[in-house]
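Enquirer: This is the structure, below, for whatever I ask next.
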Amino acid sequence: MIKKEGMMKYLSKIIFISMILFQCLYSAEYDWLQWGGKSGKFIVNSENIVEVWREEGPNILWKHSLGDAYSSIITKGEKLFTTYSLPDSEIVVSLSKNTGKTIWEYKYPRKLWDDMRPDFGLGPNATPLLFDDNIISIGIAGDMKCLNIDNGNLIWERNLNNDYGLRERVEEYGYSNSPLRYKNCVIVHAGGDKISIIAIDPNTGKNIWESPGSRVSYGQPSIIHIAGKDQFVYFTHEGVNGLDPNTGKFLWHFKIPISNGNHLTPVVKCDENHLYVASQFNRGGGRLLHISDEMKVTEKWFNSKLQTSCWTLIRQGDYIYGSSGNHNVSHLTVFNWKTDEITYREKGHYMAQMLYADEKFIFLDIDGNLHIATASPKGFEVKCSAKVAEKVCWTLPTLVGSKLYIRDRKSIMAIDLAKEN
């Protein structure tokens, strides 16, 4: 018979192990490992999000200076990761999730090519990818680094520009597309003249497959299951494409004519055979594409009032929510993706980067104003707003549980969005 003290020690061990397992499962549930979050749809499984914060504004847990970049923040366990730049170098950084203090940095020199334009800053623009125990980043000039997430030690490196050459286009703002994980490989939009999309072994940096060359656009690619297949959906200068992420086999192309070929907005999966695709500038707008199981693509409708730039759109049921407009004007918009009917359109909240959690829309506009709103097909109802960052805010916020991590081009901060007791 087990003595009472022995039984108590045994139970204590069981409780301790259970707590550790729970913490690991909780962390894995909320880890934000790549651009777009766990779902890739900017939809987060968080609860207890505040609807109206206190009079003095949201609860800012910490704020620290950080160099320039549009790279968003990824997380694993108790660590944050992102990239930033100095005048002649780029840095991959690991920070404490609880304090924002630096854990490690990996710095490397950046060499820009002659025709690179600094109009919108010098990046990095791409968000890194956490792949098991590695972090994989892409700098604005194509420097690709794979580092150990615990200490920042270099595992492998390569340069996309050296490997595949510059991408011919009207303007050149460097590499902006973030790497994505698919099964046991990393898929990268290299955008070279001869090779466009590559799948990389995350352990060695060697190519697994390559797809034919094409010019690149800046809209972030997506990995989605549509028309009965997993597909890597990406933009070129000429339009939108789908390929098989297992093999690199080209599946379909749909031409989208706009003035400069600069497609900026990620696609939105509407159902198992429909994609919503948006673009900006002259001849831009929103369109619904039907993709048959035979990979035939048909445009169902086009609406020039649904121009969209470098921000996120979120589908809920038959409706899509987000900003519409261009660099001159922006509207909060709701529309029915099946019919293209715009059910709500209100000017303001310029270029909002949106997340959806706990039946609320959380969005940060270009001026650094943070908003929480509820919405229905009839429109948005903004519940609270506060100025929390500086212009220009183009970086997608990261939500982990009730903690929101945001950055502008000078600082990074953590905000607690939990309801107060």
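The values are calculated or read from the model by the stated rules, or taken from the named source; none is laboratory data. Since the structure is predicted, the reported quantities are computational estimates derived from the model, not experimental observations. No Cβ is skipped: glycine too gets one built from the backbone with ideal geometry, and neighbour counts run over all protein chains shown.
Enquirer: Quick one: is Thr83 closer than 18 Å to Arg409 by Cα, assigned by TED's automatic domain parsing to the domain that holds Leu147 and under 23 Å from the mean Cα position of the chain (by Cα)?
Expert: Here the answer is yes, as Thr83 does meet what is asked.
Enquirer: Assuming Trp301 fulfils every condition listed in (1) within 29 Å of Leu129 (Cα to Cα); (2) part of a strand (DSSP E or B) apart from one, which condition is it?
Expert: Condition not satisfied by Trp301: (1).
Enquirer: Are there strands (runs of 3 or more DSSP E) fully within segment 376-421 with at least 3 residues that are in contact with a Cys (Cβ under 8 Å, 6 or more places away or on another chain), surrounded by fewer than 22 Cβ atoms within 10 Å (Cβ to Cβ) and modelled with pLDDT of 95 or more? List them.
Expert: On the way: elements: 379-387, 398-400, 403-407, 411-416.
In segment 376-421, there are no strands (runs of 3 or more DSSP E) which contain 3 or more residues that are in contact with a Cys (Cβ under 8 Å, 6 or more places away or on another chain), surrounded by fewer than 22 Cβ atoms within 10 Å (Cβ to Cβ) and modelled with pLDDT of 95 or more.
Enquirer: Could I ask something else about it? Kindly indicate whether any position in segment 152-175 is assigned to a strand (DSSP E or B), touching a strand residue (DSSP E or B) at 6+ places or on another chain (Cβ under 8 Å) and more than 20 Å from Lys107 (Cβ to Cβ).
Expert: Among the residues of segment 152-175, not one is assigned to a strand (DSSP E or B), touching a strand residue (DSSP E or B) at 6+ places or on another chain (Cβ under 8 Å) and more than 20 Å from Lys107 (Cβ to Cβ), which makes the answer no.
Enquirer: Which one is nearest to Leu264 (Cα to Cα), of the residues in segment 341-353 that are buried (at least 16 other Cβ atoms within 10 Å of the Cβ) and at pLDDT 95 or above? Give the derivation first.
Expert: Let us first name the residues in segment 341-353 that are buried (at least 16 other Cβ atoms within 10 Å of the Cβ), namely 342, 344, 349-353.
Adding the requirement that they be at pLDDT 95 or above leaves 342, 344.
Numbers: Ile342: 21, Tyr344: 23 Å.
Checked segment 341-353; the qualifying residue nearest to Leu264 (Cα to Cα) is Ile342.
Enquirer: Can you find a residue in segment 43-62 that is closer than 15 Å to Thr102 by Cα and either in contact (Cβ under 8 Å) with a residue 40 or more places away in the chain or surrounded by fewer than 20 Cβ atoms within 10 Å (Cβ to Cβ) (or both)?
Expert: Checked against the condition, which is being closer than 15 Å to Thr102 by Cα and either in contact (Cβ under 8 Å) with a residue 40 or more places away in the chain or surrounded by fewer than 20 Cβ atoms within 10 Å (Cβ to Cβ) (or both), segment 43-62 yields at least one hit.
Enquirer: Restricting to segment 247-259, name every residue that is surrounded by 16 or more Cβ atoms within 10 Å (Cβ to Cβ) and more than 28 Å from Asp318 (Cα to Cα).
Expert: If the condition is that a residue be surrounded by 16 or more Cβ atoms within 10 Å (Cβ to Cβ) and more than 28 Å from Asp318 (Cα to Cα), then Gly248, Phe250 are the ones that fit.
Enquirer: So, in segment 123-144, exactly how many residues are surrounded by 24 or more Cβ atoms within 10 Å (Cβ to Cβ), in contact with a strand residue (DSSP E or B) (Cβ under 6 Å, 6 or more places away or on another chain) and either aliphatic (A, V, I, L, M) or not in a loop (DSSP other than H, G, I, E, B) (or both)?
Expert: Selection size over segment 123-144: 6.
Enquirer: Evaluate segment 385-397: report whether one residue or more is under 21 Å from the mean Cα position of the chain (by Cα) and within 23 Å of Ile342 (Cβ to Cβ).
Expert: no
Enquirer: Also, quick follow-up: Looking at Phe232 and the list (1) touching a helix residue (DSSP H, G or I) at 6+ places or on another chain (Cβ under 7 Å); (2) at pLDDT 95 or above; (3) not charged (D, E, K, R), which single condition is not satisfied?
Expert: (1)
Enquirer: Another one. So which residues in segment 176-199 are of a type in the set (Ser, Thr, Tyr) and part of a loop (DSSP other than H, G, I, E, B), if there are any at all?
Expert: Ser176, Ser178
Enquirer: Can you list the strands (runs of 3 or more DSSP E) lying wholly within segment 233-279 that have 1 or more residues being of a type in the set (Lys, Arg) and either more than 18 Å from the chain's Cα centre (by Cα) or outside the structural domain of His327 (by TED's automatic domain parsing) (or both)?
Expert: 250-255, 268-271
Enquirer: Please count how many residues of segment 227-268 are of a type in the set (A, V, I, L, M, F, W, C), out of contact with any Leu (no Cβ under 8 Å at 6 or more places or on another chain) and free of Cβ contacts under 8 Å to residues at least 40 places away in the same chain.
Expert: 3
Enquirer: Continuing with the same structure: Among the residues in segment 341-348, are any small (Gly, Ala, Ser), outside any strand (DSSP E or B), in contact with a Leu (Cβ under 7 Å, 6 or more places away or on another chain) and farther than 16 Å from Glu51 by Cα?
Expert: yes
Enquirer: Could you tell me whether Leu364 is closer than 14 Å to Ile73 by Cβ and surrounded by 22 or more Cβ atoms within 10 Å (Cβ to Cβ)?
Expert: yes
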